[in-house]
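Just below is one structure, and these are the notes that go with it.
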Ligand SMILES: N[C@@H](CCC(=O)N[C@@H](CS)C(=O)NCC(=O)O)C(=O)O
C-alpha cells in the first residue's frame, strides 16, 4: 500500500503557524464599534479572541455625535473595524480575519 504525503496541507499548516506566531508577539490594536451594532467589528474581535491573540481593544460607540471624528483618529476609510500592527493598518473585517 502506498503512503501519500499531503504536502499542500503541510505547507498551509506551516504558514498558518507562522502567521499566528507573529500575531501573538505583535502588539496589535483593534479599533471596533460596539459589538451589538457592528457585526463586522464582532467578526474581527471573535477571530483574535478565538486564536488567543493578545490585542488592545479601542471601542468607539457608534451613532454618537463624535463617532465620525473618533473613527477618523485611526481610520482613513472612516470605518471600523481596523487592525493596527505597527506601521501596517488593515481596514476591513474580512482582511483582518484572513
Ligand atoms: N466591509 C467593511 C464594513 C465596515 C463598516 O461599514 N463598518 C461600519 C460599522 S458596522 C462603520 O464603520 N460605520 C461608520 C459609522 O458608523 O460612522 C468591513 O467588513 O470591515
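Bear in mind these aren't lab numbers, they're just calculated from the coordinates by the rules spelled out. Since the structure is predicted, the reported quantities are computational estimates derived from the model, not experimental observations.
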Degrees separating the helix 39-50 axis from the principal Cα axis of the chain, which is the longest one: 50
Using the alpha-carbon atoms, what tilt in degrees (0 to 90, nearest 10) does helix 7-25 show relative to the longest principal axis of the chain? 40
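Relative contact order (percent) for the chain, with alpha-carbon contacts under 8 angstrom and 6 or more residues of separation? Could the numbers behind the result be given before it?
Numbers: 119 pairs, mean separation 29.0, N = 98.
That works out to 30 percent.
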Run the helix sum for the chain: -39,500 (n - 2.57) per DSSP H stretch of 4+ residues, divided by residue count, reported at 222 nm to the nearest 500 deg cm²/dmol. -13000 deg cm²/dmol
With a bin width of 5 angstrom, please list the P(r) values of the chain as percents of all Cα-Cα pairs, from the 0 bin to the one holding the largest distance. 2, 13, 21, 22, 14, 9, 6, 4, 3, 2, 1, 1, 0, 0
With just the Cα atoms of the range 59-98, tell me how far they stretch along each of the three principal axes, in Å, largest first. 31, 19, 16
Would you mind pulling out the separation of the Cα centroids of the range 74-98 and the range 18-62, in Å? 10
